[in-house]
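To start, the structure itself, in structure tokens.
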């Protein structure tokens, strides 16, 4: 698969994902006003953020890990429509389970903050009121 001394695609994938996961709390430590609960991780990569280089490197590591995971799956899986179909079904099952589980903390946060109808008055946005 890979020559001696070069990392395998699966190791690159794990390393990229781990580097991304570690870059989030590390970048948050360098940004004193950042809240992991209230703000998205993209705020850490903003150009005016003191943690921008760390978070941008984390995003690049995530991109490298995602490409490496694709290469690792391509190399390791046998060729055939049925095999790829099974992998697709298992991956989509995992994604949908995560989405269903994510609804519960989201509902708790909405309830605690007054729900989506309270957002336009707090944020001054008519976009959320148009959606709800």
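To keep it simple, each residue is scored yes or no on (1) outside any helix (DSSP H, G or I); (2) modelled with pLDDT of 75 or more; (3) out of contact with any helix residue (DSSP H, G or I) (no Cβ under 6 Å at 6 or more places or on another chain); (4) not assigned by TED's automatic domain parsing to the domain that holds residue 9.
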position: 65; (1), (2), (3), (4): no, yes, no, no
position: 70; (1), (2), (3), (4): no, yes, yes, no
position: 87; (1), (2), (3), (4): no, yes, yes, yes
position: 92; (1), (2), (3), (4): no, yes, yes, yes
position: 98; (1), (2), (3), (4): no, yes, yes, yes
position: 101; (1), (2), (3), (4): no, yes, yes, yes
position: 104; (1), (2), (3), (4): no, yes, yes, yes
position: 108; (1), (2), (3), (4): no, yes, yes, yes
Restricting attention to region 28-63, the residues that are over 27 Å from residue 110 (Cα atoms) and in a loop (DSSP other than H, G, I, E, B) number exactly 5
What tally of residues in region 21-39 results from selecting those that are surrounded by fewer than 16 Cβ atoms within 10 Å (Cβ to Cβ) and over 16 Å from residue 62 (Cα atoms)? 9
When region 19-61 is checked residue by residue, the ones that are in contact (Cβ under 8 Å) with a residue 40 or more places away in the chain and more than 30 Å from residue 112 (Cβ to Cβ) are 19, 61
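The values are calculated or read from the model by the stated rules, or taken from the named source; none is laboratory data. Given the structure is predicted, the values throughout are model-derived calculations rather than measurements. Every residue, glycine as well, gets a Cβ built from its backbone with ideal geometry; the counts of neighbours run over all protein chains shown.
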